[in-house]
Amino acid sequence: MKLVLQTNGLTKKYGNQISVNEVNMNIEKGDIYGLIGKNGAGKTTIMKIVCGLIHQSYGDIKLFESENLEEGRKRIGCIIENPALYPYMTARENLIYYDKLLGITDYSNVDEVLSLVGLKNTGKKKTKAFSLGMKQRLSIAISLLGNPDFLILDEPINGLDPYGIKEIRELLLKLNIENEITILISSHILGELAKLATKYGIINEGVLACEFKAAELDERCKKCISIVVDDSEKAAYILKHNIKSSEFKVFDEGKICVYDCLDIPAQINKELVENGVLVSSIGLGGNDIEGYFIKMMGGNE
């Protein structure tokens, strides 16, 4: 699979403070890449560097597998710290204005983009009368004017109500699947991001702590019955032959995680005890998605 963005040792320093610390990020064509981290972790800084709004202190960037960043950035659309929307202009007038800034003289793309983001029928309605969700969709429309292959969105669903979040989610999925646009998105709404992302990068204090695919998140957050016993070998035999569990793992110090049979912890406990296995603890284990992300971001708040 071709890489749309690759960074190697990407670092940004402000004086003695390191905002981004040797980040190696890999985004493949077709990804919806969720960049997750606390405020000040370095998410927006990375996005600004990729878009050319600020320069890295050191480290390398490749866009579309090329070091020609000037050409690569022509294929990027971005929303970083929301673009200005002119309140007394219609959606169409706003897009024509931004077309002019981009040097686009054929405004035929305006109606196409308005239709794509679901704002085609706003007519003469001024932007000041738009809901927050409509304004966010108009911001995304602005980022699409140059027909980008790669979309970079910094907190596009912040402050939206559940209906507005659903609208933006459906729009981004449509852009990704139907228009084949690769997306880099940051968000604090972790449960919502989990409905979108195909890959994740978790950044903590400027360091990319880990990078993994969505399928791996499901595995990392898998629910289980967590058991601690005095004889794990015997317990494993009982789970397999008496309980008929086919999905469990044995860890060090007598810990066993059972991933099926989640609805019969009492039966499991009874079977182990009656067969001479001492159970020192048993209970439901595993991470929920938000809990896992928060743990990886280095905090419990």
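Given the criteria outside any helix (DSSP H, G or I), at positive phi and either among the hydroxyl-bearing types (S, T, Y) or surrounded by 13 or more Cβ atoms within 10 Å (Cβ to Cβ) (or both), does C261 qualify?
Criteria met by C261.
Whether any residue in region 280-288 is closer than 30 Å to G34 by Cβ and modelled with pLDDT under 70 is what I want to check.
Yes.
Of (1) in contact with a Cys (Cβ under 7 Å, 6 or more places away or on another chain); (2) crowded, with 19+ Cβ neighbours inside 10 Å; (3) not assigned by TED's automatic domain parsing to the domain that holds G30, K249 satisfies all except one. Which?
Of the numbered conditions (1) in contact with a Cys (Cβ under 7 Å, 6 or more places away or on another chain); (2) crowded, with 19+ Cβ neighbours inside 10 Å; (3) not assigned by TED's automatic domain parsing to the domain that holds G30, the odd one out for K249 is (2).
Look through region 159-177, keep the residues that are surrounded by 14 or more Cβ atoms within 10 Å (Cβ to Cβ) and β-branched (V, I, T), and return whichever of them is farthest from M134 (Cα to Cα).
The extreme case among them is I165.
Failed condition for G52, given (1) closer than 26 Å to M1 by Cβ; (2) crowded, with 19+ Cβ neighbours inside 10 Å, with all others met?
With respect to (1) closer than 26 Å to M1 by Cβ; (2) crowded, with 19+ Cβ neighbours inside 10 Å, G52 is out only on (2).
Please find, among N94, N68, the residue that is of a type in the set (S, T, N, Q), more than 21 Å from K213 (Cβ to Cβ) and in the same structural domain as T127 (by TED's automatic domain parsing).
N94
If you check I27, I32, I36, which single one turns out to be among the aliphatic types (A, V, I, L, M) and farther than 19 Å from E180 by Cβ?
When all the criteria are applied, what remains is I36.
Identify, from the list K126, K120, the residue that is touching a strand residue (DSSP E or B) at 6+ places or on another chain (Cβ under 8 Å), of a type in the set (D, E, K, R) and over 19 Å from K48 (Cα atoms).
K126
Here's the yes/no breakdown for (1) acidic (D, E); (2) farther than 21 Å from N204 by Cβ; (3) under 15 Å from the mean Cα position of the chain (by Cα):
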{"site": "I18", "(1), (2), (3)": "no, no, no"}
{"site": "I46", "(1), (2), (3)": "no, no, yes"}
{"site": "I49", "(1), (2), (3)": "no, no, no"}
{"site": "Y58", "(1), (2), (3)": "no, no, no"}
{"site": "K62", "(1), (2), (3)": "no, yes, no"}
{"site": "E65", "(1), (2), (3)": "yes, yes, no"}
{"site": "N68", "(1), (2), (3)": "no, yes, no"}
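Out of the residues in region 56-92 meeting the condition of being in contact with a Cys (Cβ under 8 Å, 6 or more places away or on another chain) and in contact (Cβ under 8 Å) with a residue 40 or more places away in the chain, tell me which one is surrounded by the fewest Cβ atoms within 10 Å (Cβ to Cβ).
I80
Matching residues to (1) surrounded by fewer than 22 Cβ atoms within 10 Å (Cβ to Cβ); (2) of a type outside the set (D, E, K, R); (3) in contact (Cβ under 8 Å) with a residue 12 or more places away in the chain; (4) not assigned by TED's automatic domain parsing to the domain that holds N26:
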{"position": "E112", "(1), (2), (3), (4)": "yes, no, no, yes"}
{"position": "V117", "(1), (2), (3), (4)": "no, yes, yes, yes"}
{"position": "K120", "(1), (2), (3), (4)": "yes, no, no, yes"}
{"position": "G133", "(1), (2), (3), (4)": "yes, yes, yes, yes"}
{"position": "Q136", "(1), (2), (3), (4)": "no, yes, yes, yes"}
{"position": "S139", "(1), (2), (3), (4)": "yes, yes, yes, yes"}
{"position": "I152", "(1), (2), (3), (4)": "no, yes, yes, no"}
{"position": "I157", "(1), (2), (3), (4)": "no, yes, yes, no"}
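Might you let me know whether region 85-107 holds any residue that is closer than 28 Å to G40 by Cα and assigned to a loop (DSSP other than H, G, I, E, B)?
yes
Could you look through region 226-246, keep only residues that are exposed (fewer than 15 other Cβ atoms within 10 Å of the Cβ) and in contact with a helix residue (DSSP H, G or I) (Cβ under 7 Å, 6 or more places away or on another chain), and pick out the one that is farthest from G283 (Cα to Cα)?
The selected residue is N242.
If you take just the strands (runs of 3 or more DSSP E) that sit entirely in region 178-221, which of them hold at least 1 residues that are surrounded by 16 or more Cβ atoms within 10 Å (Cβ to Cβ) and of a type in the set (F, W, Y)?
Strands (runs of 3 or more DSSP E) meeting the threshold: 199-204.
Taking K48 and the conditions (1) without any contact (Cβ under 8 Å) to a residue 40 or more places away in the chain; (2) more than 23 Å from A214 (Cβ to Cβ); (3) not in a helix (DSSP H, G or I), which numbered condition does it fall short on, given that it satisfies the others?
(3)
May I ask you to say which residue of V50, V20 is touching a strand residue (DSSP E or B) at 6+ places or on another chain (Cβ under 7 Å) and under 14 Å from F150 (Cα atoms)?
Checking each option against the conditions leaves just V50.
The values are calculated or read from the model by the stated rules, or taken from the named source; none is laboratory data. Predicted model, so just to flag it, every value in this text is computed and none were measured. All Cβ positions, glycine included, derive from the backbone under ideal geometry; neighbour counts span all protein chains shown.
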